Amino acid sequence: MSPRSDNAVVIIGSGPGIGTNTAAVFAANKFNKVALVARNPTQLDKDAESVKSAANDNITVKTYSTDVVDPGRFTSTLKQISQDLGTIEVVLYNAAIVSKSHHLQVTDDELIRDFKLSTIALNNLSKWAMPQLVALAEKDASAQPTLIVTSSHLPEAPETDLVSLSVSKAAQKNFARSLRMEFEPKGVHVALLSVAGYVFDHLQFLNAKYIARQAWELYAQPRGSWTEEVRIEEP
C-alpha cells in the first residue's frame, strides 16, 4: 500500500450513499485528511463517523454545511477547506437533486436550479480546485491530482420523467469534458464516474460501495493510462 498522504480528499455532496462510501475508501487506503460538504449538518456528522471508522489510524475529517448553489457561501466554504486541510489532491463532485420533472410541466425554476447545481457550482469549484491541482502536479511527481464528477446515463439516454435532471447532466458532462481537455495536459486527471441507474444496496454493481471502489480505481490509474469515464450499470 502507498504511504499515507498529508494531502486531502474533498467530497462535494456527501451523504449516506456514494459520497460517504467514497470518502471511506480513500480514508481506508491512503488519505489522512477528508472534507465532507453537504447541506444537512446532522447527516454530515453521521457521515464523518462512518469515514473515521473506515480508517485504520489517525485521520482528520472536517464537515462543512453549505449550499453549493449559493456562490458566496460555496466559495467561502472552499476557502475554509484550504485553511483547515491545506493541499488538496482529490475532489469528488457528487452534488445532485434527483426529482421528477415532465415535459409541459417542468418550470424555469427547476431547470435553473438543476443547472446551477450541476454546472455553475462545478464551474465555481473548478476555479478553486484546478489551480491547486495543477500546482501539486508541478511540485510533486508522486501525487495524483484528480477531479471526479459523478455523472449518469442521462446525457446519452434522457428520461421523460427526469427532464430537468437529464438536461443539466448533459451540460455537466460537456463541462467536465472541457475541463479534461484543458487540464489533463497540465497533470490533472479529470474523470466521469457515470452511474447508469438508481443506486440500491442489493444490486450487484449499482450499489454505493462498488461505485466508491470505482472512484478509487479512477484515482489510482497511472498517468498515461487515464480514462475519461467509467460507466457503472447492471447487466
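The values are calculated or read from the model by the stated rules, or taken from the named source; none is laboratory data. Bear in mind that the values here come from a model prediction, so they are computed numbers and not experimental data. No Cβ is skipped: glycine too gets one built from the backbone with ideal geometry, and neighbour counts run over all protein chains shown. SASA here: full protein model, heavy atoms, side chains in, ligands and nucleic acids out. Shrake-Rupley method; radii C 1.70, N 1.55, O 1.52, S 1.80 Å.
Using a 1.4 Å probe and counting only protein heavy atoms, arrange His202, His103, His189 so the residue with the most accessible area comes first.
The ranking, largest first, comes out as His202, His103, His189.
Could you identify which residue out of Leu154, Leu36, Leu104 has the top mean-square fluctuation in a GNM of the chain using Cα springs shorter than 10 Å?
Taking springs between Cα atoms under 10 Å, the residue moving most is Leu104.
Heavy atoms only, probe 1.4 Å: what % of the accessible area of segment 91-230 goes to carbon and sulfur, would you let me know?
56 percent
Given DSSP loops and a limit of at most 16 other Cβ atoms within 10 Å, what is the longest stretch of the chain that contains no such GluC sites (Glu not before Pro)?
Within the chain, the longest run free of exposed GluC sites (Glu not before Pro) spans 1-155.
I want to verify a result. In a Gaussian network model of the chain, Cα cutoff 10 Å, which of these has the top mean-square fluctuation: Tyr219, Tyr198, Tyr93?
In this elastic network of the chain, the residue with the biggest mean-square fluctuation among Tyr219, Tyr198, Tyr93 is Tyr198.
Counting only the heavy atoms of the protein chains, how much of Phe200 is accessible to a 1.4 Å probe, in Å² to the nearest 10?
Answer for Phe200: close to 110 Å² accessible.
Considering only protein heavy atoms, what per residue accessible area in square angstrom results for the chain with a 1.4 angstrom probe?
Heavy-atom accessible area per residue stands at 47 Å².
Between His202 and Glu234, what is the spin-label point distance in nm, taking each point 7 Å from the Cα along the Cα→C-beta axis?
In this crude spin-label approximation the distance works out to 0.9 nm.
Select from Ser101, Ser168, Ser225 the residue whose mean-square fluctuation is largest in a Gaussian network model of the chain (Cα-Cα springs shorter than 10 Å).
Maximum fluctuation in the GNM of the chain, among the listed residues, is at Ser225.
Within the chain, which DSSP H helices have Cα atoms that stretch 15 Å or more along the helix axis and a mean Kyte-Doolittle hydropathy of at least 0.0?
Length and hydropathy pass: 18-29, 121-139.
What does the extension gain come out to for Glu182 and Arg39, with contour length at 0.36 nm per residue minus their alpha carbon separation?
Separation in residues times 0.36 nm, less the Cα-Cα distance, equals 48.5 nm.
Net charge near Leu192, counting Lys/Arg +1 and Asp/Glu -1 over other residues with Cβ under 11 Å of its Cβ?
Around Leu192, the charge tally is +3.
Restricting attention to segment 48-151, which trypsin sites (Lys or Arg not before Pro) occupy a DSSP loop and are surrounded by at most 15 other Cβ atoms within 10 Å?
The qualifying sites are Lys100.
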